[in-house]
Amino acid sequence: MKMKLENVISYARAVKALFDLHKDAVVVYNTGLADPFEADVLDIQIAAANAMLGTDVLKKLNKGDTKKRNDFMDKEKPILKDLEYKLGLCITDGTITDSLASFGLTAFRKGISDHNIDLFHNSYVSTYARVNIASNKAALNDVGFLAGNITAIKTNHDGAWDLNTTKINLKLEINTLSAANLALIMVLLGTCQKILDAIRAYAESISDKVLAKQATAGAVLKTVVPTEAKKPRRRGIKAGSSIILNTDLVAKNVMHLTLLTDVEVDVCMVGLKTDECMMGTPLVFKKFTELQKKDLLGSGRFVKLTNKSGTKKAFVLYYELVVTKK
């Protein structure tokens, strides 16, 4: 499924909302999604992706600031060493139930030692999000890893990150990201698909066809991506000839017509494409005209435009406004 970067977070949050709406039933059907899955997996992945995309910045090294950037990265080393020690204390005491590996410190350190800004940033996002889970933060505070230490991690990260200058174009597809950032997004989308699969399986088990249709990636994406408005079409009509503009025009729909050329053009309804307009409604040069089926002279399936000039080609701007039933 193709998706633009600007829609990733909205899509993930829409999946989360659908999950929350049916969570009690779905987790009974699929216990793998029971708490603390949402808080410890989905929410953290959304936060990580949002942090990466929200900065609107790609990691491209500005050579003039290499040393400054690396200095900020290196300042994380003693803080992470202290964090690892304090996490060990908390895990031993049982005040933190997550594994030490889940905090991603190994990858974080490698990003620093290699001065790899991609790995550094993505590892930071994961580590920082997990440290800031309320229960983990409180436990670390009790053993002396205070709010100031957590802030220092962010400060050094931001200092390094701000020295990378190229912008992400959020209008592009997700596959335009670097390998590290793409992996971050694909993990989140994989989790979303796992949730949708479970919701759809549950819906099918109780024969809920409406929910089953809602629980697809395409259906969820449509709820967060606005449908692009149709653009008016510029139709050309050769001198002394006609074109079929519409077939089986819906009575409620409205045709918007603007004659762009100073020639005589009529619009009418005909039964056959080859029929001539015996009597039509003339369009006025450069005047915006709204017409419905009831306004047209003639009868039949086809809306026909006729250029009555024998020498000059005509151009008409046309758009059909679809009126939905209420």
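Throughout, read-outs are computed from the coordinates displayed, never taken from laboratory work. Keep in mind it's a predicted model, so treat the numbers as computed, not measured. Glycine also receives a Cβ, built like all others from the backbone with ideal geometry; neighbour counts cover every protein chain displayed.
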Work out, step by step, the length gained on full extension between residue 274 and residue 186: first 0.36 nm times the residue separation, then minus their alpha carbon distance; give nm to one decimal.
26.2 nm
Take the alpha-carbon positions of the chain, form their convex hull, and give its projected area averaged over all directions (one quarter of the hull surface) in nm².
25.2
Calculated on alpha-carbon atoms, Rg and Dmax of region 233-321 in Å
11.7, 36
From DSSP H assignment alone, runs of 4+ in the chain each adding -39500 (n - 2.57), the sum over residues rounded to the nearest 500 puts [θ] at 222 nm at -14500 deg cm²/dmol
Give the order of 255, 73, 278 when sorted by the count of other beta carbons within 10 angstrom, beginning with the fewest.
278, 255, 73
Pairs beyond 27 Å (Cα-Cα), from 286/313; 252/287; 67/154; 75/194; 16/86:
75/194; 16/86
Sequence gap at least 6, Cα distance under 8 Å: using those rules, report the relative contact order of the chain to the nearest whole percent.
19
Grab the beta carbon distance between residue 256 and residue 20, set R0 = 30 Å, and tell me the FRET efficiency rounded to 0.05.
0.10
Dipole of the chain (Lys/Arg Cβ +1, Asp/Glu Cβ -1, origin at the Cα centre): which of 181, 239, 25 lies farthest to the positive side?
239
In which sequence would 19, 120 go, from the one with the fewest C-beta neighbours within 10 Å to the one with the most?
19, 120
Loop-only trypsin sites (Lys or Arg not before Pro) in region 235-310, please: DSSP not H, G, I, E or B, and at most 11 other Cβ atoms within 10 Å.
286, 287
What list do you get for 267, 250, 131 if you sort them by fewest beta carbons within 10 Å?
250, 131, 267
